[in-house]
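What follows is calculated from the coordinates using simple rules that are stated; it is not laboratory data. Model, not experiment: these values are computed from the prediction. With ideal geometry, Cβ positions are generated from the backbone for all residues, glycine too; neighbour counts draw on all protein chains shown.
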């Protein structure tokens, strides 16, 4: 996993991480399309800083809780969450954490 920062620049601390851990159902018809749409919309929001992703875990980074709440109340995001509950997910857990320290290493 590598974090993809918006504009390729790590943001100043502190910021927030929304950690989404999930297990998908067998029927994921339409998931990839909705995932692409929601990613485009989220990344276009002013407060979205970037994301990290590995199978089963997606972490989005935000500048403020207000930005997270704006995303939480976004119509497309609400639609995706409802479809996820009805069809795509067996389980999910969402956590919001304040990031006060961070460092990266990669070759």
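Structural remarks
- Residue satisfying condition, being exposed (fewer than 14 other Cβ atoms within 10 Å of the Cβ), farther than 24 Å from residue 5 by Cβ and under 15 Å from the mean Cα position of the chain (by Cα), within set 86, 98, 78, 90: 78
- Qualifying residue in region 28-45 (condition: under 22 Å from residue 101 (Cα atoms) and either surrounded by 14 or more Cβ atoms within 10 Å (Cβ to Cβ) or out of contact with any helix residue (DSSP H, G or I) (no Cβ under 7 Å at 6 or more places or on another chain) (or both)): no
- Candidate set from region 1-21 (those that are closer than 17 Å to residue 58 by Cα and either without any contact (Cβ under 8 Å) to a residue 24 or more places away in the chain or in contact with a helix residue (DSSP H, G or I) (Cβ under 8 Å, 6 or more places away or on another chain) (or both)); member that is surrounded by the fewest Cβ atoms within 10 Å (Cβ to Cβ): 6
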